[in-house]
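K.L.:
Below is a structure I'd like to ask you about.
A short reminder: the numbers here are calculations on the coordinates, not readings from a lab. On a predicted model such as this, the values are computed, not experimentally measured, just so you know. Neighbour counts run over all protein chains shown; Cβ positions are idealised from the backbone, glycine included.
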Amino acid sequence: VVGVVSAAGFLVVESREREPLLALGIFRSRTFSAANGMTLLVYGALGAVSFFTTIQLQTVSGYGALAAGAAFVPMTLIMLSLGTRSGRLGVRIGPRVPMTVGPLIMAVGVLLMRRIDAEVNYVADVLPAMVVFGLGLTTMIAPLTATVLAAAPEEHAGIASGVNNAVARAGSLLAVAALPVVVGLGGAEYADPGVFDTAFNSAMAICAGLLVVGAGISWIAIRRPEVAVAAASAQTIDGTRGPD
């Protein structure tokens with residue numbers, strides 16, 4: 001509550017300043033606002049998936065902490081190896097399609113993660129989910145970053161980047177804080193394999209829904225003429241921004 005009130009107060013103060021720290025005018029861009037709305041949903045899902053899957057592997061599947069962390073390595077390798085190609089794809093076709101298809105692929109990966117249970121086999125159950133999720137994430141990141149930067153005036157590029165990163169972090173934090181409550185988790189229930197497994201499956205379904213909505217926002221709101229500028233900006237992307 002304190003955070004929400006503080007944020008609202010900050011926006012009120014900034015709207016009255018002649019030289020604000022945050023130029024609220026950048027939100028007049030439909031593309032900028034839509035890209036940040038999509039970022040909130042997608043990174044919320046990303047944060048929740050990382051949180052829940054790590055605990056699922058340990059509490060339900062019996063993995064150690066190190067093994068649970070290592071399970072995500074294929075996703076990281078995919079991002080490192082294909083991130084630049086994703087940026088080039090955005091140059092050729094514009095960001096709208098990658099920003100729509102990427103979250104949809106991620107949603108498929110999230111649903112595949114529901115196969116993780118007490119009898120899990122890493123190669124058959126965990127690896128395919130990580131690969132599909134990683135491919136979707138890699139498809140989306142570079143075009144998203146380029147779109148956010150291109151949608152704001154050049155003199156506000158730094159602010160645009162900062163806002164988008166803040167939105168991404170806020171999405172993850174909000175999802176990790178709220179989703180356990182939504183699926184009925186609390187306290188000792190995190191250590192109960194049966195209870196957590198049920199909550200995990202519900203959480204993954206919700207995350208898939210968030211990703212589908214994010215894809216819908218991209219398809220509807222990311223349009224030309226800004227799309228051409230965003231594609232050109234993708235030429236500056238030489239990597240990806242992954243989960244913290």
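K.L.:
Relative to the longest principal Cα axis of the chain, at what angle does helix 96-112 sit, 0 to 90 degrees, rounded to 10?
P.N.:
It works out to around 10 degrees.
K.L.:
Please give the helix 193-221 orientation as an angle from the longest Cα principal axis of the chain, in degrees from 0 to 90, rounded to the nearest 10.
P.N.:
20 degrees
K.L.:
Stokes-Einstein diffusion coefficient for region 134-173 at 10 °C in a medium of 1.306 mPa s, Rh from the Kirkwood formula over Cα pairs: what value in µm²/s?
P.N.:
147 µm²/s
K.L.:
A further question follows. Between 181, 212, 131, which gets the highest mean-square fluctuation from a Gaussian network model of the chain, Cα cutoff 10 Å?
P.N.:
Result for the chain, Cα springs under 10 Å: 181 fluctuates most.
K.L.:
Another one. Dimensions of the chain along principal axes (Cα, Å, largest first)?
P.N.:
Projected onto its principal axes, the Cα set of the chain covers 57, 44, 29 Å.
K.L.:
Using only the alpha-carbon atoms, how far is helix 30-59 inclined from the longest principal axis of the chain? Give it as 0 to 90 degrees, nearest 10.
P.N.:
Between the helix axis and the principal axis of the chain, the angle is about 20 degrees.
K.L.:
What would the Debye formula give as log10 I(q)/I(0) at q = 0.13, 0.22 Å⁻¹ for the alpha-carbon point model of region 114-194, no solvent?
P.N.:
For region 114-194 at q = 0.13, 0.22 Å⁻¹, log10 I(q)/I(0) is -0.70, -1.08.
K.L.:
Just name one of 49, 67, 136: the one whose Cα is farthest towards the positive end of the charge dipole of the chain (beta-carbon charges, Lys/Arg +1, Asp/Glu -1).
P.N.:
Among 49, 67, 136, the one farthest towards the positive end of the dipole of the chain is 136.
K.L.:
Taking Rh as the Kirkwood radius computed over C-alpha pairs, what is the Stokes-Einstein D of region 99-139 at 37 °C in a medium of viscosity 0.692 mPa s, expressed in µm² per second?
P.N.:
327 µm²/s
K.L.:
Next up: Averaged across orientations, what area in nm² does the convex hull of the alpha carbons in region 15-128 project?
P.N.:
Here the figure is 10.0 nm², rounded to one decimal.
K.L.:
Rounded to two decimals, what is the ratio between the C-alpha radius of gyration of region 66-184 and 2.2 N^0.38 Å?
P.N.:
For region 66-184, the normalised Cα radius of gyration comes out at 1.21.
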